[in-house]
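Engineer: Take a look at this one; I'll ask things after.
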Amino acid sequence: MNTKELINTAKALVANDKGLLAMDESNPTCNKRFAALGIPQDAETRRAYREMIITTPGLSECISGAILYEETIHQQLTDGTPFIKAVTNTGIIPGIKVDGGAKELAGHPGEKITEGLDGLRDRLHQYAKMGLRFAKWRAVITIGDGIPSQGCIDANAHALARYAALCHEAGLVPIIEPEVLMEGNHTLEKCFEVTEQVLRTVFNQLYSQGVALEGVILKPNMVLPGLTCSKQNTVDEVADATVNCLLRSVPAAVPGIAFLSGGQSAELASARLNAMNVRFKNHLPWALAFSYARAIQQPAMEIWNGQEAKVIIAQKALLHRAKCNLAARRGEYNAAMEKI
Ligand code: 5MM
């Protein structure tokens, strides 16, 4: 492990107001999103879609790193360039999702545990040799009747910390993604309480496993009311709750926090990130960035719709969302940007 290199990569992932583009949907998730739009669900269509994303002109002006999926790293652009090389050539840092997905947690109805630690050490060393420089692992926490349990939080936090330590050993920066889901009718206050509990547990586990926090990126949810909660808070209330929760639970040594979008609309994900940076940017120890999948990709996917003829216009939509989120990091995003 070269700690200096890890720290430099982690800093580079949140430098210059850029953020991460998550394009690491597993095949079932990608197929589900394609099916909703009537797009064919096969390896060639997924490849063509990801080629559309990666060849978007100007993307690297807003995007620091791209999270790829196992299938994609073995595919090539139409001109034969392997995806990892194509990403690297644009100046974007390539990374990969390495978890094995969230499965039912035994003895805990309604709760999940992310699998994938078995054999991970060898896989990570192979990924590093292939030119990948960071990895990502997502844990899923559900708010519901009597859940989450401390048992579920502990198990997921422990797995995240074991994954992070293995990443460092292989020279990869771990993106640590504990996601408290938006589904449910819980309040913003409940989400705050659970997110704080989850993050405190995750950082305790990272400390136990000896993970150098200067070489990680945290990818959390924003603190939000549940999707079906009768009170939907304002953008500024969400910004305040999210930053206050993070201040209580994320050590200052962490270089950057890159939010997931979690099913928020693209516009709200930009507006909420913008409000956090407007209100707090100069007073925080870490950068507040983005690592969105749906909130960057969705409009472009809808336009592309599997058609070669729509590539250029879809790329414009993708770049637009990337620019909106770059502006949000600067606290310069506003609704007028959406009218262009
Ligand atoms: C929460 O999902 C991550 C961020 O995406 P959104 O911004 O759309 O919320 C995303 O990186 C996710 O981890 C990947 O898409 C992989 O998900 P699956 O469910 O396919 O493992």
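The values are calculated or read from the model by the stated rules, or taken from the named source; none is laboratory data. The structure presented is a predicted model; accordingly, all values stated were derived computationally and were not measured. Heads up, the Cβs are rebuilt from the backbone with ideal geometry, glycines too, and the neighbour counts pull from every protein chain shown. Surface areas here come from the heavy atoms of the whole protein model, side chains and all, with no ligands, DNA or RNA. Shrake-Rupley method; radii C 1.70, N 1.55, O 1.52, S 1.80 Å.
Engineer: Run the accessible area of the chain with a 1.4 Å probe and give the carbon-and-sulfur part as a rounded percent. Before the final figure, lay out each step's value.
Structural biologist: Values: 7080 of 13830 Å².
Its accessible area is 51 percent carbon and sulfur atoms.
Engineer: Would you calculate the separation in nanometres between label points at L268 and A253, each defined as 7 Å from the Cα along the Cα-to-beta-carbon direction?
Structural biologist: About 3.6 nm separates the two model spin labels.
Engineer: Sorted by mean Cβ packing within 10 Å, highest first, what order do the peptides 11-19, 306-314 take? Could the numbers behind the result be given before it?
Structural biologist: Working: 11-19: 19.9, 306-314: 14.0.
Packing proxy ranking, top to bottom: 11-19, 306-314.
Engineer: Suppose accessible area is computed on protein heavy atoms with a 1.4 Å probe; arrange V235, V202 from highest to lowest.
Structural biologist: V235, V202
Engineer: For a 20 Å ceiling on Cα separation, which of these pairs sit above it: K281/K323; K136/K190; K129/K219?
Structural biologist: Working: K281/K323 18 Å; K136/K190 26 Å; K129/K219 25 Å.
Listed pairs above 20 Å: K136/K190; K129/K219.
Engineer: May I pose another question? Using a 1.4 Å probe and counting only protein heavy atoms, arrange K136, K323 so the residue with the most accessible area comes first. If you can, show how the numbers build up before the last one.
Structural biologist: Working: K136 10, K323 95 Å².
In descending accessible area the options line up as K323, K136.
Engineer: Let me spell out the model: positive unit charges on the Cβ of Lys and Arg, negative unit charges on the Cβ of Asp and Glu, origin at the Cα centre of the chain. What dipole size does that give, in debye rounded to 20? Don't jump to the answer; show the numbers that get you there.
Structural biologist: Numbers: 35 positive and 35 negative charges, 145 e Å.
So the dipole magnitude of the chain works out to roughly 700 debye.
Engineer: For T81 and A309, calculate 0.36 nm times their separation in residues minus their Cα-Cα distance, and state this gained length in nm to one decimal.
Structural biologist: Details: separation 228, 0.36 × 228 = 82.08 nm, distance 2.15 nm.
The span from T81 to A309 would gain 79.9 nm if fully extended.
Engineer: How far, in nm, would the chain grow between T29 and S149 when pulled straight, counting 0.36 nm per residue and subtracting the alpha carbon separation?
Structural biologist: Working: separation 120, 0.36 × 120 = 43.20 nm, distance 2.62 nm.
Separation in residues times 0.36 nm, less the Cα-Cα distance, equals 40.6 nm.
Engineer: On to the next question. Working from the alpha-carbon coordinates of region 245-340, get Rg over Rh, Rh being the Kirkwood radius. Don't skip to the end; give the middle numbers.
Structural biologist: Working: Rg = 14.9 Å, Rh = 14.2 Å.
When Rh is taken as the Kirkwood radius, the ratio is 1.05.
Engineer: Could you do me a favour and compute the accessible area per residue for the chain, 1.4 Å probe, result in Å²? Before the final figure, lay out each step's value.
Structural biologist: Details: 13830 Å² over 340 residues.
Averaged over the residues of the chain, the accessible area is 41 Å².
Engineer: What number, in percent, do you get for the relative contact order of region 3-339 if the mean sequence gap of Cα pairs under 8 Å and at least 6 apart is divided by its residue count? Intermediate results must be reported in sequence, preceding the final value.
Structural biologist: Details: 659 pairs, mean separation 62.8, N = 337.
It comes to 19 percent, rounded to a whole number.
Engineer: Using only Cα atoms, locate the centre of region 294-340 and the centre of region 49-95, then give the distance between them in Å, rounded to an integer.
Structural biologist: 17 Å
Engineer: I'd like the GluC sites (Glu not before Pro) in region 88-149 restricted to DSSP loop residues with at most 14 other Cβ atoms within 10 Å, sorted by number. It would help to have the intermediate numbers written out before the result.
Structural biologist: Working: sites: E104, E111, E115; in loops: E111, E115.
Passing both the DSSP loop test and the Cβ count: E115.
Engineer: How do M301, M130, M337 rank by accessible surface area computed with a 1.4 Å probe, from largest to smallest?
Structural biologist: Details: M301 5, M130 75, M337 40 Å².
Largest accessible area first, the list is M130, M337, M301.
Engineer: Ordered by residue, what ³J(HN,Hα) values in Hz, to whole numbers, does region 183-191 give under the Karplus form 6.51 cos²θ - 1.76 cosθ + 1.60, where θ = phi - 60° and Gly and Pro are x?
Structural biologist: These are the phi-based 3J(HN,Hα) values: 4, x, 10, 5, 8, 4, 4, 5, 4 Hz.
Engineer: Once you have a ≥ b ≥ c as the square roots of the Cα gyration tensor eigenvalues for region 3-339, tell me rounded if a/c is under 1.5, and otherwise prolate or oblate according to whether a/b is larger than b/c. Kindly include the intermediate steps, with their values, before the conclusion.
Structural biologist: Values: a/c = 1.34, a/b = 1.16, b/c = 1.16.
It is rounded, given that a/c, with a ≥ b ≥ c, falls under 1.5.
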